[in-house]
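A.B. asks: The following block contains the structure, expressed as C-alpha cells.
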Amino acid sequence: MRKHIYTVCTGRCGQVSLSNYVNKFSTNAFAEAEPPMPKYKKSYIFSNLVRYLERKTYASDELLGRGKALIWHDNNDKVEIDKLCNKRIRRANKITEQNNKEIYFEISKFFIRSYCERTIQLNPSAKILYLTRNPLANAVSFFNRNKIFEKDNFDLDFKKNIFKIKNLDKFEKYLWVWIEIKLRLLEIKKKYNSEIIHFKSENINNIVLLKKLFEDLELKYKEITIQKKLNTNLSSGYSETIISDFFLSKFENFKKKIPEKIKEKVPEFFDYDRL
C-alpha cells in the first residue's frame, strides 16, 4: 500500500490551491481535491446529463463520501462503510501508482464526514492534516454558493452529533459544522492517538509556512514558488467573500447559542488568531 495523507476540513478552505501546489512541486506525492470528481466539464455540451450519469457511476455521491454515506456513518452501517473505504483505498493506490508517486494526498471535506474512522483502522499509519479557515469567512463563502447544506454535511438531528442544537438557518449551520468538525477531530485524536498536523489556509501563499507543511507531511520538493491566488467562488461565478455587518451580527448572535462546555473545546472559534 502507498503512504496516505488525509485532510480534515470544512471545505471552502483552499483544497484546490493546496492540491495544485502539491502536484506542481512535490516529487513524491499525488494530490486530489474531493475525489472522485466527474471528468466531463460543465462547459461541455450536454454537461448536465453526462455529469448526472457520472455521479451515478464511478463518481457517485456515495463514493465521494456524501449522500447515503453520511447516513451509513451516522447509523454505524459497518458493511457499507467498509466497502466504501476499501473502494477508496484501492482507487487511491491505483492512481498513485499510475502517477509513479509514493504518497497519495486526499484533500477532501468528506473524510471526517463519513469514512474517517474506518479508513484510519485500515490504514493506521496515514497522516492527518487539519486544514482550517477563519470560521466567519468560511461560513460566508459557503453561504454565497447557495448549496443544499444537508447534501454535503451532517444533519442537525444526526445521532453522532456532539454539538447538539436545533432550529438554525443556513448561515448558522455553516458556523455550527465548523465547530462540529473540530469536536469530531478531537475525538478521533483521542481514540486513535492520531498525530494531527495543522495548517491555516490563509497561509497558502506564505512560502516559509508552505515549505514547513511539505516537510511535516514528508512531501519532497526541489523548489516551491508562490502561485497566483485562486478563488473558486469567483471563477465559478459566485460572489466574493465579503464580511458585511449583516454577517458579523449573525456571527455574534450564534456565539450566544454555544454551550460553555463546547466553547472550552473550540477557543479558536472565538479568536481564530490563537490557533
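We did not get these values from a lab; they are worked out from the coordinates using the rules stated. Just so it is clear, the structure is predicted and the values come from calculations on it, not from any experiment. When we count neighbours, we look across all protein chains shown, and the Cβ atoms used for this are built from the backbone with ideal geometry, even at glycine.
A.B. asks: Which entry in (i) 18.1, 56; (ii) 18.4, 53; (iii) 20.3, 62 matches Rg and Dmax of the Cα atoms in Å derived from the coordinates of this structure?
C.D. replies: (ii)
A.B. asks: Report, in debye and to the nearest 20, how large the dipole of the range 95-165 comes out about its Cα centre when Lys and Arg carry +1 and Asp and Glu carry -1 on their Cβ.
C.D. replies: 220
A.B. asks: Could I ask something else about it? When a footprinting reagent is the concern and you count Cβ atoms within 10 Å, what order do 208, 140 take, fewest first?
C.D. replies: 208, 140
A.B. asks: Here's something else I'd like to know. Give me the number: length gained by fully extending residue 192 to residue 245, i.e. 0.36 nm times residue separation minus the C-alpha to C-alpha distance, one decimal in nm.
C.D. replies: Going from the current span to full extension adds 14.9 nm.
A.B. asks: Still on this structure, I have one more. For n ≥ 4 DSSP H runs only, could you compute -39500 (n - 2.57) per run for the chain, divide by its residues and tell me the 222 nm figure to the nearest 500?
C.D. replies: -13000 deg cm²/dmol
A.B. asks: In Å, the Kirkwood hydrodynamic radius of the range 160-275 over pairs of distinct alpha carbons?
C.D. replies: One decimal place: 17.2 Å for the Kirkwood radius.
A.B. asks: About its Cα centre, what dipole magnitude does the chain give when the only charges are +1 on Lys and Arg Cβ and -1 on Asp and Glu Cβ, stated in debye to the nearest 20?
C.D. replies: 480
A.B. asks: Would you mind checking the pairs 191/265; 78/159; 151/211; 109/222; 173/211; 189/212 and listing those with alpha carbons more than 27 angstrom apart?
C.D. replies: Long pairs (Cα-Cα over 27 Å): 151/211; 109/222; 173/211.
A.B. asks: Just want to confirm a number: the relative contact order over the chain, from Cα pairs under 8 angstrom separated by 6+ residues, in percent.
C.D. replies: 27
A.B. asks: Another one. Need the list of lysines near residue 3 for cross-linking: C-alpha distance under 17 angstrom, and skip anything on the same chain fewer than eight residues off.
C.D. replies: 87, 94, 101, 127, 220
A.B. asks: Between 231, 154, 246, whose Cα lies farthest towards the positive end of the dipole of the range 153-275 when Lys and Arg beta carbons carry +1 and Asp and Glu beta carbons carry -1, centred on the Cα centre?
C.D. replies: Farthest towards the positive end: 154.
A.B. asks: Only counting other Cβ atoms within 10 Å, I'd like 266, 79 sorted with the fewest neighbours first.
C.D. replies: In increasing order of surrounding Cβ atoms, one gets 79, 266.
A.B. asks: Starting from the Cα of residue 229, draw a straight line to each of the aspartates and glutamates and keep only those under 14 Å, dropping any in the same chain fewer than 8 residues away.
C.D. replies: The reachable aspartates and glutamates, counting only those whose Cα sits under 14 Å from residue 229, are 202, 240.
A.B. asks: Not counting the cut sites, what is the longest span of the chain without GluC sites (Glu not before Pro) that DSSP labels loop and that have at most 15 other Cβ atoms within 10 Å?
C.D. replies: So the longest stretch without any such site is 1-194.
A.B. asks: For the range 258-269, just list the computed ³J(HN,Hα) in residue order, Karplus coefficients 6.51, -1.76 and 1.60, θ = phi - 60°, integers in Hz, with x standing in for Gly and Pro.
C.D. replies: Result, ordered by residue: 8, x, 4, 5, 7, 4, 5, 8, 10, x, 5, 5 Hz.
A.B. asks: What FRET efficiency, computed as 1/(1 + (r/R0)^6) with R0 = 30 Å and r the Cβ-Cβ distance, is obtained for residue 1 and residue 144, rounded to the nearest 0.05?
C.D. replies: Efficiency, rounded to the nearest 0.05: 0.15.
A.B. asks: Let me ask something else. For the range 100-117 and the range 1-26, what is the centre-to-centre distance using only Cα atoms, to the nearest Å?
C.D. replies: When both Cα centres are located, 8 Å separates them.
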